[in-house]
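A.B. asks: Have a look at this one.
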């Protein structure tokens, strides 16, 4: 009896990539928090808690090792955590890949189908904790493809909404978002650009070197480096032909820019 008890105490833990008892399904967790999911209410920790609870509710399921996590857009498959999950699947380290929602896995239908094909080839089922499908069944495979269509549509809708919002701000003379252009500050009350005294002086000097001295961008960058001028990693964009006297024109262009856009690149020296 004592020997039997000792052996039972040496049984494998509830988590891990090793062999498992018959009837047990090893479940890997994939978590993703995207930089473009500004209003997503579910953090990595919240997803982990939900998936852990879901696994614990399924008879015979155990979590296989540490979760695979990414902090990146679902529009690309070049995510470190995702690639590790695929390699682990190919190595036979788990039986089920569990996500919170399909859009945590991918927001492109073509990518989703390719990823599901890789998992299927490795003998791994794909499951969501909040959506009723299981790719180990034919109906589940159909449902996940439909969810993939909705995920891609939602992403494109978000992009359109963001672009429309930025255009609306620009039409009102407000900064549409993102990093401020070099030479300007963003007025928090009006959301409009105002000149940055020190940086604006440097920009005027850059324009003079470009217009009057006919220096190229590399020569301007070398001169700024020689003077020890440093600045932000922001490209200044203005329309070409804005000035003839070497003075900084005092405004930026919204949309495609030319001419001094190259000078802005030199500002990054």
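A.B. asks: Cα centroid distance between the range 185-215 and the range 60-97, in Å?
C.D. replies: 47 Å
A.B. asks: How long is the gain from residue 110 to residue 212 if the chain were fully straight, where each residue apart is worth 0.36 nm and the alpha carbon distance is subtracted? Don't skip to the answer; put the middle values down first.
C.D. replies: Numbers: separation 102, 0.36 × 102 = 36.72 nm, distance 5.22 nm.
Full extension of this stretch gives 31.5 nm more.
A.B. asks: Label-point separation (nm) for residue 197 and residue 142, each offset 7 Å from Cα along Cα-to-Cβ?
C.D. replies: For the pair residue 197/residue 142, the computed spacing is 7.1 nm.
A.B. asks: Relative to a virtual label point 7 Å from the Cα of residue 52 in the Cα→beta-carbon direction, which members of the range 59-90 show backbone nitrogen distances below 11 Å?
C.D. replies: The answer is 67, whose backbone nitrogens lie closer than 11 Å to the label point.
A.B. asks: I've got another one for you. If you take the beta carbon distance between residue 75 and residue 186 as r and set R0 to 22 Å, what does 1/(1 + (r/R0)^6) give as a FRET efficiency, to the nearest 0.05?
C.D. replies: Taking R0 as 22 Å, the efficiency between residue 75 and residue 186 is 0.20.
A.B. asks: Okay, moving on. From the Cα gyration tensor of the range 175-218, with a ≥ b ≥ c the square roots of its eigenvalues, which class applies: rounded if a/c is under 1.5, or else prolate if a/b is larger than b/c, or else oblate?
C.D. replies: In terms of gyration-tensor shape, prolate.
A.B. asks: With 10 angstrom as the radius, rank 229, 194 by how many other C-beta atoms surround their C-beta, starting from the fewest.
C.D. replies: The order, fewest Cβ neighbours first, is 194, 229.
A.B. asks: What is the distance, in nm, between label points placed 7 Å from the Cα along the Cα-to-Cβ direction at residue 225 and at residue 84?
C.D. replies: Here the modelled spin labels are 3.7 nm apart.
The numbers here are math on the coordinates, done by the rules we state, and not lab data. Keep in mind the model is a prediction, meaning the values are calculated, not measured. Heads up, the Cβs are rebuilt from the backbone with ideal geometry, glycines too, and the neighbour counts pull from every protein chain shown.
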